[in-house]
Amino acid sequence: MNASGGGDDAEPERDPEGQLELRAAPNAATEPEVLPQRQPSLSTGGRGTLATGGPPGHKARSLRDAHRDLLTEAVASIKDVSDVGFLDDELAKDRFKDAINVAIEVYAKQRELDRVLTDVPELKLSTLVPYLVEPVESIADDDFNKCFESLESEPWNWTLYMYPAWLVGCFIRYVVLFPARLFNLIFATVLTVIAVASCKILFAGNKQKREHVEGLILTLYAQAWVASWSGVVKYHGTRPRMAANQIYVANHSSMIDYILLLGVHRFAVVGQLHPGGVGLMQTHLLGSLGCIWFDRKNVKDRDYVRKSIAEHVARADKPPLLIFPEGTCVNNEYCVMFKKGAFDIDATVHPVAIKYNKLFADAFWNSRQESFFAHVLRMMKDWCLIADVWFLEPQTKRPGESSEAFAARVKQLIAKQAGLKCVSFDGYLKHVKPSERYRAAIQTQNSRFFRAELQDMRGYLKDDESKRNSVLWKREQRNHFLRALNQDERKT
Amino acid sequence: MGANTSSLVSEDIEEMARESNLSPREIKRLYKRFQKLDRNQSGSLEADELTMIPELAMNPLFPRIVQIFESVNFREFVKLLSVFSESASEEAKRDFVFRFFDIDQDGFVSSTDLIEILLMLCGSNLTQGELEEISQLIIRDADMDKDGMVSYDDFCACDSLGTISQLCQISLA
């Protein structure tokens, strides 16, 4: 097993440019849900960020869009009355123009929406302080790594009467259950290997028949795996069926996700090819299912994968394709960004939500900490594995919906059903450094703030009373506008 | 069970808690965090290890943060972060912020220091003239003795309302 890149079935499709589509708002520490479609909006530590308190979502987004449409319209009609001659007072004219400009400014810069300014323009040392608190905060705790943290077990057995109970439990788990389960699994493995090998000989001439029988054997074999963890798996919803033009997408915590699903129906999976024993099983045992394996680090593989997926999906006689769009194992508490690859193809998407009950076993495979076999053996020593699997209503892309938006919508459905928290991080950041572009984007946005503040300061520091008032008035209007907008958003 | 804190003996925890005004619970949590960040288990944080926090690596002030947090051991780590706890004194917070801005460590926050900070924050998006103007405005606001630089005394004097310590609070629990 390799520890570095290992561990995660991955979704290959990502455009090389946007490979680090991390759209996280560091400030949204308390509210990890970030608008999925919002452009890399990294709200920096401006003071008083109101929007982070509200629950952004699709509704908030569309509200914002609606506001913008109204404004654009309003602005367009005002341009017709370009001389604003309908206002007599000079000051009123100025203010009116200012108000419009402010509104345009607000909408032109989405990100600036989050910032409520001080009443009086100021550039002070304290203006800079939030910018330094923010990185320190992410040293103390960061949202990204929270998605990949294993369950912390709280000691519960250090009392006089619990301790013997725990010892008895240990004895049963390690000495009775574990060897029995291990034996069963080895027995099943041997049987499966023999059966698959004999299929290859028996049905050498009839490929279709061979694949069908092998699929049935593998389904049984997957059930043997589930039994080795005393798996109590409840499946909800309509069972999968063979058909063309369909893709199953699921949230991802471990390779055992695939085993659970394989126990109900044959699935071809798209995933990272592992070295060693796991790799052998991937290529030889699962060969008949038409799984698509690739190397995440190999850029050339992407085209091959894209083509193979399209070919596979088009055929009705192949087992349905299963994709984990997160591209990496998450700890089953969070749901990271869904990569859009699976949603680019013109196929019906069947969302599958998987939720593990962590009472007796933690099913999250932390590939940094343990090899896959250690992970599997650990669960065999636990009491049992409890999981719910929901096959949700199939979804299709709505007219005019982008692949990203579609991916985000399906992710919401899955996260809601499985009770996971949505975050917008790209899971690939586990393996690669974030690109410089993100820092550059934050810098551009910071510079807007400082430039605007500088301009206000210039006006404010002038001796001209009316200039000063106009700066104050502009800020007041802007803040008033923002507060109203943010309140609206919170209502929805 | 409890293996994560095994190498941190309770006397150490108590001592550090006393030094840093944190609760033993917070020390334990920070220790877990430190171990997670210290991937190669060397006992101190390297720049590469800090890069592994994506949010931090994207932060414009990352270079400055690295200067401060690079090669700190656990004791120093606690000391640095405890500044941002609720129980830390106003002086400690001010001291940290002042040192953070005083990049050349000459005891004054000068316009060169600020321009450097602003360059990190804004990249090349602002002109040299704008950078200078902004840094001058910031210094003018705090420069009580009008010598063109902000000394530590100036800094404390202009923060009579305690804004700095209000801003410098993060949750360590």
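The values are calculated or read from the model by the stated rules, or taken from the named source; none is laboratory data. Here the structure is a predicted model, which means the values were calculated and not measured. With ideal geometry, Cβ positions are generated from the backbone for all residues, glycine too; neighbour counts draw on all protein chains shown. We work out accessible area using only protein heavy atoms, side chains counted, and drop any ligands, DNA or RNA first. Shrake-Rupley method; radii C 1.70, N 1.55, O 1.52, S 1.80 Å.
Close Cβ contacts (under 7 Å, 6 or more residues apart or on different chains) running from residues in the stretch B:11-22 that are closer than 16 Å to B:Glu76 by Cβ to residues that are open to solvent by 100 Å² or more (accessible area, probe 1.4 Å) comprise B:Ser20/B:Lys79.
Return yes or no: is B:Gln105 modelled with pLDDT of 95 or more and either under 23 Å from A:Phe450 (Cα atoms) or not assigned by TED's automatic domain parsing to the domain that holds B:Val9 (or both)? Taking the combined requirement at face value, the residue does not satisfy it. Answer yes if at least one residue in the stretch A:433-456 is acidic (Asp, Glu) and assigned to a loop (DSSP other than H, G, I, E, B), and no otherwise. Within the stretch A:433-456, none of the residues are acidic (Asp, Glu) and assigned to a loop (DSSP other than H, G, I, E, B).
Within the stretch A:426-439, the set of residues being crowded, with 16+ Cβ neighbours inside 10 Å and at the interface with chain B (Cβ under 7 Å from one of its Cβ atoms) comprises A:Leu429, A:Pro434, A:Tyr438, A:Arg439.
Pairing residues of the stretch A:448-475 that are without any contact (Cβ under 8 Å) to a residue 40 or more places away in the chain with residues that are surrounded by fewer than 17 Cβ atoms within 10 Å (Cβ to Cβ) and not in a helix (DSSP H, G or I), at Cβ distances under 8 Å and at least 6 apart in sequence or on separate chains, gives A:Arg468/A:Lys462. When you look at B:Ser10, is it more than 8 Å from chain A (Cβ to nearest Cβ), on the phi < 0 side of the Ramachandran plot and surrounded by 17 or more Cβ atoms within 10 Å (Cβ to Cβ), yes or no? So B:Ser10 fails the test.
Per this entry, B:Leu131 is counted among residues that are open to solvent by less than 40 Å² (accessible area, probe 1.4 Å), at negative phi, more than 16 Å from the chain's Cα centre (by Cα) and in the same structural domain as B:Ser165 (by TED's automatic domain parsing).
Each row is one residue, and each column tells you yes or no for (1) hydrophobic (A, V, I, L, M, F, W, C); (2) open to solvent by 20 Å² or more (accessible area, probe 1.4 Å); (3) within 21 Å of A:Glu326 (Cβ to Cβ); (4) in the same structural domain as A:Ala342 (by TED's automatic domain parsing).
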| position | (1), (2), (3), (4) |
| --- | --- |
| A:Gln223 | no, yes, no, no |
| A:Gln246 | no, no, yes, yes |
| A:Val249 | yes, no, yes, yes |
| A:Leu261 | yes, no, yes, yes |
| A:Ala268 | yes, no, yes, yes |
| A:His284 | no, yes, no, yes |
| A:Phe294 | yes, no, yes, yes |
| A:Lys300 | no, yes, no, yes |
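Among the residues of the stretch B:164-173, the ones that are part of a helix (DSSP H, G or I) and facing chain A (nearest Cβ under 8 Å) come to 2 in all. Within the stretch B:1-20, restricting attention to residues that are in a loop (DSSP other than H, G, I, E, B) and among the aliphatic types (A, V, I, L, M), which residue is modelled with the highest pLDDT? For the stretch B:1-20, the residue satisfying everything is B:Val9. Considering each residue of the stretch A:409-424 in turn, at least one proves to be surrounded by 20 or more Cβ atoms within 10 Å (Cβ to Cβ) and within 14 Å of another protein chain (Cβ to nearest Cβ). Filtering the stretch B:21-43 to residues that are open to solvent by less than 40 Å² (accessible area, probe 1.4 Å) and in a helix (DSSP H, G or I) leaves B:Ile27, B:Leu30, B:Tyr31, B:Arg33, B:Phe34, B:Leu37.
Residues checked against (1) touching a residue at least 60 places away in the same chain (Cβ under 8 Å); (2) in contact with a Leu (Cβ under 8 Å, 6 or more places away or on another chain); (3) buried (at least 18 other Cβ atoms within 10 Å of the Cβ):
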| site | (1), (2), (3) |
| --- | --- |
| B:Val83 | yes, no, yes |
| B:Phe108 | no, no, yes |
| B:Ile117 | no, yes, yes |
| B:Thr127 | no, no, no |
| B:Ser135 | no, yes, yes |
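Taking the stretch A:223-319 as the region of interest, the strands (runs of 3 or more DSSP E) fully inside it that hold 1 or more residues being within 18 Å of A:Ala387 (Cβ to Cβ) and in contact (Cβ under 8 Å) with a residue 12 or more places away in the chain are A:231-236, A:246-250, A:268-272. Name the pairs: first residue in the stretch A:383-401 and within 23 Å of A:Ala361 (Cα to Cα) and assigned to a loop (DSSP other than H, G, I, E, B), second residue open to solvent by less than 40 Å² (accessible area, probe 1.4 Å) and of a type in the set (Phe, Trp, Tyr), Cβ to Cβ under 9 Å, at least 6 apart or on different chains? Listed pairs, sorted by first residue: A:Cys384/A:Trp229. Just to verify a result, which residue in the stretch A:322-362, among those that are part of a strand (DSSP E or B) and aromatic (Phe, Trp, Tyr), is least open to solvent (accessible area, probe 1.4 Å)? Going through the qualifying residues, I end up with A:Tyr356.
Among the residues here, B:Glu46 does not qualify as loosely packed, with under 14 Cβ neighbours inside 10 Å and over 20 Å from A:Ser153 (Cβ atoms). Residues in the stretch A:460-490 that are closer than 21 Å to B:Arg140 by Cβ, touching a helix residue (DSSP H, G or I) at 6+ places or on another chain (Cβ under 6 Å) and open to solvent by 50 Å² or more (accessible area, probe 1.4 Å): A:Tyr460, A:Lys467, A:Arg468. A residue that is under 23 Å from A:Gly231 (Cα atoms), at pLDDT 90 or above and open to solvent by less than 40 Å² (accessible area, probe 1.4 Å) can be found somewhere in the stretch A:190-206. I'd like to check something: does the stretch B:69-81 contain any residue that is touching a residue at least 40 places away in the same chain (Cβ under 8 Å) and surrounded by fewer than 19 Cβ atoms within 10 Å (Cβ to Cβ)? So far as the stretch B:69-81 goes, yes, one or more of its residues are touching a residue at least 40 places away in the same chain (Cβ under 8 Å) and surrounded by fewer than 19 Cβ atoms within 10 Å (Cβ to Cβ).
Of all the residues in the stretch A:440-459, those that are at the interface with another protein chain (Cβ under 9 Å from one of its Cβ atoms) and open to solvent by 40 Å² or more (accessible area, probe 1.4 Å) number 5.
Quick one: which helices (runs of 4 or more DSSP H) lie wholly within the stretch A:120-180 and hold at least 2 residues that are more than 13 Å from every other protein chain (Cβ to nearest Cβ) and surrounded by 11 or more Cβ atoms within 10 Å (Cβ to Cβ)?
Numbers: elements: A:125-140, A:143-146, A:162-171.
The helices (runs of 4 or more DSSP H) meeting that bar are A:162-171.
Looking at the stretch B:44-163, what helices (runs of 4 or more DSSP H) fall wholly within it and have at least 1 residues that are touching a strand residue (DSSP E or B) at 6+ places or on another chain (Cβ under 7 Å), of a type in the set (A, V, I, L, M) and facing chain A (nearest Cβ under 7 Å)? Can you show your working first?
Details: elements: B:47-51, B:54-57, B:62-69, B:74-82, B:90-101, B:111-122, B:128-142, B:152-158.
Because the criterion is at least 1 residues that are touching a strand residue (DSSP E or B) at 6+ places or on another chain (Cβ under 7 Å), of a type in the set (A, V, I, L, M) and facing chain A (nearest Cβ under 7 Å), the helices (runs of 4 or more DSSP H) in the stretch B:44-163 that meet it are B:128-142.
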